[in-house]
Structure formats: structure tokens, C-alpha cells
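Novice: Mind having a look at this structure? Questions to follow.
Values quoted throughout were computed directly from the atomic coordinates according to the rules given, and no laboratory measurement underlies them. Treat the numbers as computed from the prediction; the structure is a model and nothing was measured. For neighbour counting, all protein chains shown are included, and Cβ atoms are generated from backbone atoms with ideal geometry for every residue, glycine included.
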Amino acid sequence: MSSPPDLAVDLGGIALRNPVLTASGTFGYGTELAPWIDLRRIGGIVSKSLTLRPRHGNLPRRIAETPAGMLNAIGLENVGVDAFLEEKLPALPDGVPVIASLFGTEIGEYRAVAERLSECDRVAGLEINASCPHVKAGGIEFGQDPGHLARLVREVRRATRLPLLVKLSPNVTDIARMAQVCEGEGADAIALINTLQALDVDVETRRPVLRNVLGGLSGPAIRPVALRMVFQAARAVSIPVCGIGGIETGEDAVKFLLCGATAVQVGTANYLDPAAALRVVEGIAEYCRRAGVASVRELVGGIELPAG
Amino acid sequence: MRAEPGEPLRARARVLENRREGPSHLRLRLAVPGFGGFSPGQFAMLSPGPLTPSRDPLLPRPMAIYRCEGEGAPDPVVEILYKVHGRGTAALAAAREGEVLGLVGPLGRGFPLPAEGEGAILVGGGTGIASLLELARRAAARGPVEVLLGARAESELMGLGDFEALDLALHVATEDGSRGRRGRVTALLPDALARAPGAAVYACGPTPMMRVAAERAAAAGRPVRASLENPMACGFGVCLGCAAPLRGGGFALVCRDGPVFDAAAVDWDRMA
């Protein structure tokens with residue numbers, strides 16, 4: 001019997017026991033799923049995006065099922081950074097890396113949240129949620145404009161010494177350029193993709209299904225798009241990439257690793273099965289055993305492209 | 001491992017029976033090892049996932065737990081009454097004996113039972129009826145119970161025979177008049193409130209029905225416990241999709257803070 005595969009990875013300075021994190025906004029603050037999953041057996045968790053003050057979120061209807069996926073427009077409901085630090089974080093077991101996702105309607109708010117989070121030893125890293133409409137720029141997402149994104153990453157970088165991830169919006173023409181912008185401004189890693197901007201309509205009422213009109217598409221439906229973007233982004237930068245988008249199984253995760261991701265995040269699948277992230281960990285280990293892979297790190301960027 | 005009553009499981013539920021009982025509703029009987037019981041009004045997320053390897057439909061469906069036989073026994077049976085009204089429930093209706101479904105539950109906070117000696121009035125409309133059978137059974141052990149059930153037609157009155165088998169006063173309304181009074185179930189409420197002045201009032205059904213029930217009861221100075229049916233993706237408080245607006249601002253999660261709420265706390269104007 002050979003030794004078990006080595007699943008440990010380093011994601012931009014965050015040491016993970018395995019490459020499987022839970023995606024922001026799909027795993028609450030970590031404690032909600034504790035009845036069903038041992039958090040110490042997954043790589044770590046990414047918190048719900050935190051703002052300076054608590055946010056109530058959007059009116060219903062907030063979610064809708066779509067073919068092999070779902071739409072959401074939750075409106076960034078969250079308890080705020082102070083309640084996260086004082087109530088949510090201490091409730092998590094030791095030994096679970098926690099990456100705090102942060103968000104603001106202006107760069108100053110991002111910076112203030114980053115500073116608060118950086119005071120806490122329990123936070124292993126930060127993830128900038130750049131898919132937020134930039135109020136002063138007329139509502140365009142920070143992550144959709146290279147100039148806005150560069151300023152955002154630069155300012156947050158100045159506010160923290162923690163490992164800094166930037167979660168990229170897929171709603172752009174050139175994802176490689178966005179990845180390079182983050183690397184150039186000192187990000188330690190990038191994570192992609194966030195949800196794809198989408199819409200569904202009820203033909204009986206002739207109204208948008210979601211109260212917010214537009215929502216973000218997630219789930220298996222977006223997986224091939226996510227793989228393509230991870231592939232392109234990973235080839236454009238030398239910082240680690242964290243792959244996100246419709247991952248449900250170990251094999252799904254391995255595809256992202258082969259396309260250049262160092263780690264992955266499991267999102268919508270958590271709704272279907274609160275132990276989904278653990279199943280992905282087990283699935284990666286099983287693949288490694290089957291394929292004779294000693295360390296999961298050997299898989300990163302290992303896609304075999306056709307010659308010429 | 002056996003769960004304590006109410007402790008939520010993530011279980012493989014084997015289909016024992018999935019029988020059509022009306023033009024559009026079915027009775028699903030599931031063997032759920034370890035299921036330790038539930039409080040009336042709690043629900044489970046049933047995953048059509050294993051039925052649909054293509055992951056379409058993707059999401060599990062919240063289903064009221066209708067009743068449970070042999071709670072705490074090695075192989076308890078969980079019963080679900082449901083109506084086919086979309087792709088998820090259509091996939092569920094195709095499940096055959098022996099197939100395995102994903103089940104997470106019981107979830108949420110159910111109905112607070114009436115006090116010992118206190119009566120109860122239960123108002124159920126459409127699929128909301130499925131949330132009320134266990135409540136009716138337990139409330140009947142504490143005091144007199146009146147159950148008011150409504151549907152479009154007699155054939156759509158889910159579980160009618162099970163309610164008839166309980167020792168309680170049953171009143172029915174159908175929109176086509178095929179059974180009981182013609183009209184909506186909420187029309188039966190004022191008389192019931194007058195007959196049972198001290199009874200606790202409970203409601204489950206479509207949002208407009210619960211809203212009317214709440215308004216009629218409030219006009220008589222009576223609070224209502226209403227079980228909401230908002231769409232949800234997870235059932236355990238992380239997708240935040242099922243938020244119900246509260247009077248005075250903010251939201252509560254139907255899955256975690258409910259599904260049962262004091263109807264006066266809900267901002268019905270801002271419900272989807």
C-alpha cells in the first residue's frame with residue numbers, strides 16, 4: 001500500500017492542508033454547516049463578504065433555479081466586520097484557515113474593512129470581492145475596469161500585510177489582463193470566477209424572476225466558462241490561482257488544477273450537500289491514488305496541450 | 001448513529017413508495033436510517049440530485065415533513081406529501097421504489113404547540129396542508145382542535161383521509177364547491193374564531209392565503225403562527241435566498257428563523 005497522496009498547497013502564503021476551500025457567500029461564516037462537515041478536514045473557508053456596517057440585502061425574490069445552475073441577487077447581506085470578528089470568528093474551531101472576503105461601495109470602505117480584519121490573528125488572508133458596483137464610477141463593477149481594479153488592489157494592499165487574494169469578475173473581455181493588473185499591484189493570488197451576470201424572465205407575469213432584475217449565475221452550468229478563464233489567467237501571471245465555478249466532485253477540481261489552479265473553492269454545491277467540500281477533498285485524493293500522483297502540486301498546470 | 005429528535009441528518013433516503021393520490025399530488029414514503037423525529041412544521045431538503053446526474057434540476061427542494069413512523073427505531077419511515085408543480089417535483093415524482101434520494105433534515109423551527117388545555121385552529125391551503133397533520137395530532141392531545149382545509153377541488157385536498165382519522169373538528173372549502181363550502185378556506189376562519197375564542201391559530205399555505213388568515217385573525221385580536229414557503233437553495237442558512245421581510249425593516253431567514261413566524265412580524269407587502 002503506497003502512502004496517501006500529499007494534498008498540501010501554499011496559496012499565496014496561506015498554507016492549506018488540502019486545496020479545497022469553500023467559496024464566499026455559500027458557506028455563511030462556517031458554523032452553519034458544522035452539524036454535517038468537519039471543518040478541519042477541508043482546506044479552509046472563505047467568509048461571506050464583509051462590509052464596514054451590517055447590510056440587510058435585497059428584497060425577495062432573491063434566487064431562482066436555471067438549467068444546471070442558479071441565479072442569485074442576495075445584495076451582500078452580512079453581519080458587518082465587527083460582528084464577524086467578535087461573534088462569528090471565535091465560534092470556529094482552531095486549525096481551520098479562514099480567509100475573510102471583503103467588500104465596499106467605495107475604495108475607502110474596502111480599505112477600512114481590510115484594516116479591521118488585519119488586526120485579528122485568526123484571519124489567514126483576505127479576499128477582495130471586486131464584483132461590487134463602484135458607486136462613484138456610475139455603478140460599474142470595480143472588477144470590470146482595469147483602472148478601477150488597479151486602484152482598488154493597490155489601496156487594499158497598503159492596508160494589510162495579510163496574504164491578499166483578489167476574486168475576479170468573469171464579466172470582462174480580457175480576463176488575462178485583469179489577472180495581470182492584480183499581480184502588478186501586489187496581490188498574492190487571484191481567485192476566479194465570481195458569478196456570471198445573468199437574467200431570467202417569467203413569461204406569465206412578464207417580469208424578471210429576481211426582484212433585482214439581474215443576478216449572478218452559478219453552479220455546474222458555468223464550469224466550462226470558469227475552466228477557460230482559469231486557464232487563460234493562470235498562463236498570464238506567476239502568482240497562484242484559485243479556481244471557482246461549478247465544482248462538485250474531485251474530478252471537477254482536478255480539471256481546475258490541470259488548468260493552472262493551485263487550489264479551488266466549492267460554492268453552489270454546498271447547497272446541494274453540506275458535506276460537498278469534503279467529498280471534493282476525498283475525490284481529489286482518490287484521483288491521485290488512481291493516477292499515481294504523489295503530490296497534488298504535480299497536477300497544477302499539468303494540462304497536456306496539442307502540439308503546435 | 002441515531003439522531004436525537006430534531007437533530008438534523010444528512011442521509012440517504014430510500015424510496016419505499018411514491019404513490020399518486022390525486023391529479024397532481026403524491027405520497028412519498030422514505031426509509032431514513034437514524035431519523036430521530038421532528039417538530040411539527042419542520043422541513044427537510046430533498047435532493048433530486050441522484051435522480052438527475054445531469055444536475056438539472058440542480059437544487060434540492062424544501063418539503064414539509066408530513067409524519068414519521070418509528071422515530072428512533074432502526075429504520076424510521078418519513079412521509080412527504082407533495083404536489084408536482086415544477087421541474088424539481090416532477091423529477092421527484094419519477095422516483096421509483098428502491099431509489100435513493102438525498103435528505104437533509106429536519107430543519108427549521110416548527111410550530112409552538114398550544115398550551116395544555118388550550119384549543120387550536122389550523123388553517124391549511126393547497127400544499128400547505130402537508131405541514132399541519134402532525135401539528136393537528138399533537139395539538140389534539142392538548143385541547144380541542146378545529147382544522148380548516150382548502151384547495152381548488154376535492155381531489156386536491158391532500159391527506160384528507162388522515163385528518164378525518166383524527167379526533168378533531170374538520171371543515172373544508174373548495175373553490176369549485178366539490179367538497180365543503182364553495183370558496184376559499186379563509187372564509188371559514190371567522191366562524192371558527194367565534195366558536196373557539198381562546199384557541200391558538202396556525203396557518204400554512206400560499207402567501208395570499210396566509211396574509212388573509214392573518215388579517216382576519218388580527219381583526220379578532222388573535223395572533224397567527226404562519227409557516228412560510230419561500231424558495232430556498234440550501235435550507236440551513238447559508239444561501240440567504242429565502243429571506244422574508246420583517247415589519248420595521250430587515251429580514252428573517254425562512255429556513256433558519258422559521259419557517260414558522262408570528263404573522264404580525266412579517267411585512268406581507270414586501271413579500272415576493
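Novice: Roughly how compact is region A:154-308, stated as its Cα Rg over 2.2 N^0.38 Å to two decimals? List each step's numbers first, then the result.
Specialist: Working: Rg = 17.2 Å, N = 155, 2.2 N^0.38 = 15.0 Å.
For region A:154-308, the normalised Cα radius of gyration comes out at 1.15.
Novice: Kirkwood hydrodynamic radius for region A:1-86: how many Å is it when counted over pairs of different Cα atoms? Working shown, then result.
Specialist: On the way: mean 1/r = 0.0648 Å⁻¹.
The answer is 15.4 Å.
Novice: Report, in debye and to the nearest 20, how large the dipole of the protein assembly as shown comes out about its Cα centre when Lys and Arg carry +1 and Asp and Glu carry -1 on their Cβ.
Specialist: So the magnitude is around 660 debye.
Novice: Equivalent-ellipsoid semi-axes (√(5λ), Cα gyration tensor) for region B:9-107, whole Å, largest first? Present the calculation step by step, with values, prior to reporting the outcome.
Specialist: Values: eigenvalues 79, 42, 32 Å².
Gyration-tensor ellipsoid for region B:9-107: 20, 14, 13 Å.
Novice: Just the Cα atoms of region A:74-213, one point each, no solvent: what log10 I(q)/I(0) does Debye give at q = 0.15 Å⁻¹?
Specialist: Normalising to I(0) and taking log10 leaves -0.77.
Novice: Let me see the P(r) profile for region B:205-272: every Cα-Cα distance counted, bins of 10 Å, each bin given as a percent of all pairs.
Specialist: 23, 53, 21, 3
Novice: Going by how many other Cβ atoms sit within 10 Å of their own, how do A:Val203, A:Val153 line up, fewest first?
Specialist: Working: A:Val203 6, A:Val153 25.
Ordered by Cβ neighbours within 10 Å, fewest first: A:Val203, A:Val153.
Novice: Nearest 0.05, what FRET efficiency do A:Glu282 and B:Ala115 give at R0 = 51 Å with Cβ-Cβ as r? Write down the numbers at each step before the final one.
Specialist: Working: r = 49 Å, r/R0 = 0.95.
The calculated FRET efficiency here is 0.55.
Novice: Provide a whole-number value for the mean count of partner chain Cβ atoms within 10 Å of the Cβ atoms in peptide B:241-254. Write out the running numbers ahead of the final one.
Specialist: Numbers: counts 11, 4, 11, 1, 3, 1, 0, 0, 1, 4, 8, 0, 1, 1.
Partner Cβ neighbours, averaged per residue: 3.
Novice: Where a Cα-Cα gap under 13 Å defines reach, which aspartates and glutamates qualify for A:Lys88, not counting those fewer than 8 residues away within the same chain?
Specialist: Reachable aspartates and glutamates: A:Glu32.
Novice: Estimate the FRET efficiency between A:Arg40 and B:Arg195 by the formula 1/(1 + (r/R0)^6), using the beta-carbon distance for r and 41 Å for R0, to the nearest 0.05. Mind showing how you got there, number by number?
Specialist: On the way: r = 57 Å, r/R0 = 1.39.
The formula returns an efficiency of 0.10 here.
Novice: PRE reach from A:Asp202 (point 7 Å along Cα→Cβ): which of region B:228-244 fall under 19 Å by backbone N?
Specialist: Only B:228-233, B:241-244 fall inside the zone, counting backbone N under 19 Å.
Novice: Over all alpha-carbon pairs of region B:120-270, lay out the pair-distance distribution in 10 Å bins, whole %, shortest bin first.
Specialist: Histogram of Cα-Cα distances, whole percents per bin: 12, 41, 34, 13, 1.
Novice: Oh, and also: Determine the gain in length on full extension of the stretch B:His85-B:Leu166; use 0.36 nm per residue of separation and subtract their C-alpha separation, reporting nm with one decimal.
Specialist: On the way: separation 81, 0.36 × 81 = 29.16 nm, distance 2.85 nm.
Computed gain between B:His85 and B:Leu166 is 26.3 nm.
Novice: What is the magnitude of the charge dipole of region A:181-289 about its Cα centre, with +1 placed on the Cβ of each Lys and Arg, -1 on the Cβ of each Asp and Glu, and no other charges, expressed in debye to the nearest 20?
Specialist: Working: 9 positive and 12 negative charges, 47 e Å.
Charge dipole of region A:181-289: 220 debye, to the nearest 20.
Novice: Let me know the Rg and Dmax you get for the protein assembly as shown when you use only its Cα atoms, in Å.
Specialist: For the protein assembly as shown, the Cα radius of gyration and maximum Cα-Cα distance read 25.2, 85 Å.
Novice: Restricting to DSSP loop positions (anything but H, G, I, E, B) with no more than 14 other Cβ atoms inside 10 Å of their own Cβ, which GluC sites (Glu not before Pro) remain in region B:124-199? Please list the in-between numbers first.
Specialist: Details: sites: B:Glu134, B:Glu146, B:Glu154, B:Glu156, B:Glu164, B:Glu175; in loops: B:Glu175.
Listed in order of number, the matching sites are B:Glu175.
Novice: Moving to a separate point now. With every atom except the alpha carbons ignored, what do you get for Rg and Dmax of chain B, in angstroms?
Specialist: 17.8, 54
Novice: While we're here: Within region A:203-226, which residues have the backbone N less than 18 Å from the label spot 7 Å out from B:Arg270 along Cα→beta-carbon, could you tell me?
Specialist: Residues A:210-213 qualify, since their backbone N sits under 18 Å from the label point.
Novice: Partner chain Cβ atoms within 10 Å, averaged over the residues of A:268-277 - can you pull that number for me? It would help to have the intermediate numbers written out before the result.
Specialist: Working: counts 6, 3, 5, 14, 12, 8, 8, 2, 0, 0.
Partner-chain Cβ atoms within 10 Å, mean over residues of A:268-277: 6.
Novice: Report the calculated FRET efficiency for B:Arg142 and A:Leu305 (r = Cβ-Cβ distance, R0 = 56 Å), to the nearest 0.05.
Specialist: Working: r = 71 Å, r/R0 = 1.27.
With R0 = 56 Å, the Cβ-Cβ based efficiency is 0.20.
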